[in-house]
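Below is one structure, written out as structure tokens; the observations come after it.
The values are calculated or read from the model by the stated rules, or taken from the named source; none is laboratory data. What you are looking at is a predicted structure, and each value in this text was computed from that prediction instead of being measured. Here the Cβ is made from the backbone with ideal geometry for all residues, glycine too, and neighbour counts use every protein chain on show.
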């Protein structure tokens, strides 16, 4: 549900920001064309030429940025690099940063819809139908921008699932634009006659932004079950890389490499070999349910589900019931949730994006961090 709220709020604010930017541009162009006169009525160009491209670009940027932030809520610097810079490590074919990809998709589709509206207004089509057509094109562009952005940064970007995801984003964007247009055409007359007269445009575009936010939140629905993503403390050192190049049977017995021990209960997403050592950004998919007497055990002993060298033999346990996960601290002073130390035997329900820190007993300055996801969008986003 949090993802839905974030997308809706982002859509509304993006639409409002786009509307205000379009008014600034429109006023400047009006003054330029009319010798310092800013009255809209004296401008021969239709307002859609400025308004639609800017609003479409603004909403597209808002949706792309929101999807990136929701997919990876703990690494803010990484998110900023993902938004504004090209990351060839993820996709060598990427040619534009996600920000500019969204801007160009929005501007291009917005300009097409504006030119289409300009030509259709001279026909017998009603103004309501023309606006519906334009908003459908805007919705298509926003869905296209979000889908292309996800495809270019996802580890699954070259799979069939990426094509399905892109198609889903476009379809939901079109549907959201159509529904928003129909709603606005129904309430716009009431807005003009009510005390909100004069604000009907910004309210209308806010409805469009909210509809696109809701629609695309469905497109980016979680693809995997609850999971733990390895973070700080799991960095692959040169020594570990050398060991990982050795024989598989050696890795399975190596006490210095963190790994999954009970491969029948847990698995690494994106890794075919269950004995692959845990390293930063790898995600462990948790089961949908654990029995009361058989929680997932994390510790530094061989008879555990997740083995982490250096921590207490039985450090923490996880009980899972669908997406509700409860952690129990089993070692005094060794388990933190968002840097808050847990007491021994204390239980706490985990929330999406919380950081689980497991402190090592052999070195108090070293630790392992997991990020808990109850809605995992991309296993290595």
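Some observations on this one:
- Some residue of segment 144-156 being at pLDDT below 90, in contact with a helix residue (DSSP H, G or I) (Cβ under 8 Å, 6 or more places away or on another chain) and more than 18 Å from residue 65 (Cα to Cα): yes
- Boolean, residue 269 is surrounded by 18 or more Cβ atoms within 10 Å (Cβ to Cβ) and modelled with pLDDT under 85: yes
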